[in-house]
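The values are calculated or read from the model by the stated rules, or taken from the named source; none is laboratory data. Only a predicted model underlies this, so the values are computations on that prediction, with no experimental measurement involved. As a convention, Cβ positions derive from the backbone with ideal geometry for all residues, glycine included, and neighbour counts pool all protein chains shown. The area values use the complete protein model at the heavy-atom level, side chains included, leaving out ligands, DNA and RNA. Shrake-Rupley method; radii C 1.70, N 1.55, O 1.52, S 1.80 Å.
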Amino acid sequence: MLELKHITYTVSTPEGEQTILNDISIDIPDRKLIVFTGPNGGGKTTLAKVIMGLVTPTGGQILFNGEDITGKKIYEIAARGVSRTFQNLKLIGNQNLIDNVMLGQHTKFSTNFVHSILRTKKEREEEQRALEFCMSVLEFVGLDKKWNYLASSLPYGEQRLLEIARALCTDPKVLFLDEPAAGMNPSETAELMENIRSIRDTFKIAVLLIEHDMNLVMNICEGIAVLNFGHVIAKGTPEDIQNNPE
């Protein structure tokens with residue numbers, strides 16, 4: 001379980017201190033599909049950055065399976081099983097699909113630079129296991145037949161799937177998807193909904209969505225937290241949120 005306890009994040013501006021996140025407490029249970037939603041500027045992406053170690057909260061704690069991961073480095077958090085995609089695509093366009101997703105395995109290797117130079121048996125075995133796992137993930141998202149295509153050659157919807165595949169290749173226990181439907185047409189969004197459900201069920205992980213598309217949100221999630229101006233103004237089931245006047 002991922003637990004956020006009284007998370008606060010403030011920044012200094014010429015006008016004084018500005019509070020971006022204000023006393024946020026949310027639990028993300030194992031194998032659940034939870035959504036953060038709310039207007040632009042509500043604090044959703046900042047909260048994801050705090051959890052992933054991109055910024056350090058000025059108050060509160062982040063617990064993952066009982067361990068305090070507040071302020072840990074990005075790679076340390078990823079190695080523990082928390083991964084994410086980005087609101088804007090972060091693919092390496094001039095590399096092929098398998099090279100892009102293999103990057104997700106970097107925290108799983110026990111070999112080092114010397115092993116790579118000498119091409120030791122241990123290094124070759126680890127690389128082969130990683131390759132087989134990453135190919136299985138590409139197959140899961142329907143991109144295995146294009147493993148040698150350049151990432152930049154894919155249509156937008158498939159680039160989104162490739163970024164999700166790379167995050168899955170970290171073998172996460174919690175997967176953040178930051179506005180995965182952004183820029184997608186209705187048919188791509190419908191397909192994405194099915195993929196997200198399948199990810200949760202197949203990989204048996206918690207999925208946390210940051211999303212504005214309320215059709216997507218209401219159709220697939222089990223819990224919703226609504227952020228506005230850095231506050232959680234409502235949380236509960238989709239039905240709770242639909243009936244909440246605020």
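List of remarks:
- The chain: relative contact order in percent, alpha carbon pairs under 8 Å with at least 6 residues between: 28 percent
- Simple Cβ-charge dipole of the stretch 138-199, Lys/Arg +1 and Asp/Glu -1, about Cα centre, in debye nearest 20: 120 debye
- Rounded FRET efficiency, nearest 0.05, which uses the C-beta distance separating residue 121 from residue 58 and R0 of 35 Å: 0.15
- Measuring with a 1.4 angstrom probe and ignoring ligands and nucleic acids, residue 136 comes out at about 50 Å² accessible.
- Accessible surface of the chain, 1.4 Å probe: 50 percent of it comes from carbon and sulfur atoms.
- Close amide H contacts of residue 209 (hydrogens built in the peptide plane, cut-off under 5 Å, sequence separation of 5 or more or a different chain): 34, 35, 36, 177.
- Distance (nanometres) between label positions extended 7 Å along Cα→Cβ at residue 23 and residue 10: 1.3 nm
- Relative to the Cα centre, the charge distribution of the chain, modelled as +1 at Lys and Arg Cβ and -1 at Asp and Glu Cβ, gives a dipole magnitude of about 820 debye.
- Dipole in debye (nearest 20) - the stretch 42-114, about Cα centre, beta carbon charges: Lys, Arg +1; Asp, Glu -1: 140 debye
- Dipole of the chain [Lys/Arg +1, Asp/Glu -1 at C-beta], most positive-end residue of 212, 71, 4: 71
- Once exposed loop trypsin sites (Lys or Arg not before Pro) are cut out (DSSP; at most 11 other Cβ, 10 Å), longest piece of the chain: 120-203
- Accessible area expressed per residue, the chain, with surrounding protein chains retained (probe 1.4 Å, Å²): 49 Å²
- Working from Cα pairs under 8 Å separated by at least six residues, relative contact order for the stretch 1-54 is 31 percent.
- Each part reduced to its alpha carbon centroid, the stretch 165-217 and the stretch 225-241 end up 19 Å apart.
- When nucleic acids and ligands are ignored and a 1.4 Å probe is applied, residue 27 ends up with an accessible area of around 80 Å².
- Subtracting the Cα-Cα distance of residue 243 and residue 99 from 0.36 nm times their residue separation leaves 47.2 nm of extension gain.
- Shape of the stretch 73-197 from the C-alpha gyration tensor: prolate (a/c of 1.5 or more and a/b above b/c, with a ≥ b ≥ c the square roots of its eigenvalues).
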